[in-house]
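Reading through the structure tokens given below for one structure.
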Amino acid sequence: MNKNVKVFAPASVSNVGCGFDILGFAIDGIGDEMILSKNDLNKMIIKPIEGYENLPTEPSKNVAGVAIQALLDDLGSNQGFDIEIKKHIKPGSGIGSSSASAAGAVVAANELLGKPYSRKELVYFAMQGEVAASGDAHADNAAPTVLGGFCIVRAYDPLDVIQIESPKNLWCVVIHPQIEIKTKEARELLSPKVDLKKAIRQWGNVAGLISGLHQSDYNLIGRSLEDHIVEQQRKVLIPEFNNLKQAVLKAGALGCSISGSGPSVFALCEGEDKAKAVSSAMDKVFSKTTIPYFIYVSQVSNNGVRILE
Ligand code: ADP
């Protein structure tokens, strides 16, 4: 059995337009790196975190520690781990910064423990880590980060996650303005009531999007990437959202919406050339602002957390 396990934990886009709280996908272009090893101290030690030093290193406050603890509790083990986190995904990014650490942690710990759990079972533990980030054990980032591809969270009680492989030529462009929006705060902005007519359009779009993914029907994916409920309420948090969306659609994206609770915005595209054109369009809009930003162009990852060594 390996003494050290090094993993790459990808970023992810949740909500995906119409799929608020039930849909997400993993992207390969950016992610955290983590190295785990067993220790004999019966406790977790999180080393100073590279990249974003302000994150908590106390295991009960860091999503990585909380997720591993959930796994150990289920297993009835008090195994200790040394945990190194190299963060590349800014916390509060809307591209699953917390999920990446939680998912990477449980996949690596499971590997060191001799794989007592399947990847699908690990989603539950990664999800528990999210409680430390937003107070809520949600799986729409955790599931695709652990499993890869698109993931539908059909139900929580019991957890029922359905994975769909991404169509081969589906590309994603994400712009990440370097401002922080906390999931908790973006959630508080939402009205608890939904208009029935809007809900009906949303159900139609979710069904269309899932069918489009299954059939690799890019046109149907594009038509279905509409959100009539959440985007309107949250877009006020995102600078330049309307201009960005307009420019991206003009450049040929299939669709565009807020990634997670923002501030990141994603666009899906058919093929790399379209994705590059969309990236330039995003760049043109944001280069006129004073807000620093990063743009990632990547295929949708069908892998989820990858074991590097
Ligand atoms: P994101 O969508 O980028 O994950 P969240 O608001 O859901 O953003 O999570 C960020 C919060 O989670 C921050 O308050 C951060 O302090 C907390 N957190 C705890 N551990 C980690 C970690 N290992 N990586 C990222 N965020 C963490």
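The values are calculated or read from the model by the stated rules, or taken from the named source; none is laboratory data. Computed from a prediction, not measured in an experiment: that's the story for all the values here. Quick reminder, even Gly has a Cβ in these numbers, built from the backbone with ideal geometry, and neighbours come from all protein chains shown.
Points to keep in mind about this one:
- Of all residues in region 228-257 being outside any helix (DSSP H, G or I) and under 21 Å from THR290 (Cβ atoms), the one that is nearest to the chain's Cα centre (by Cα): ILE238
- Meets criteria (out of contact with any Pro (no Cβ under 9 Å at 6 or more places or on another chain) and over 20 Å from ILE307 (Cβ atoms)) for ASN62: no
- From the list ILE179, ILE152, ILE210, the one residue that fits, being of a type in the set (A, V, I, L, M), at pLDDT 95 or above and not in a helix (DSSP H, G or I), is ILE152.
- Listed conditions (1) charged (D, E, K, R); (2) within 18 Å of LYS182 (Cβ to Cβ); (3) in contact (Cβ under 8 Å) with a residue 60 or more places away in the chain are all met by GLU111, apart from (2).
- Condition check for GLY222: buried (at least 19 other Cβ atoms within 10 Å of the Cβ) and not aliphatic (A, V, I, L, M): yes
- Qualifying position, being in contact with a helix residue (DSSP H, G or I) (Cβ under 9 Å, 6 or more places away or on another chain), part of a loop (DSSP other than H, G, I, E, B) and modelled with pLDDT of 95 or more, among LYS90, LYS61, LYS38: LYS61
- The number of residues in region 78-104 that are more than 8 Å from the ligand (Cβ to nearest atom) and under 17 Å from ASN141 (Cα atoms) comes to 3.
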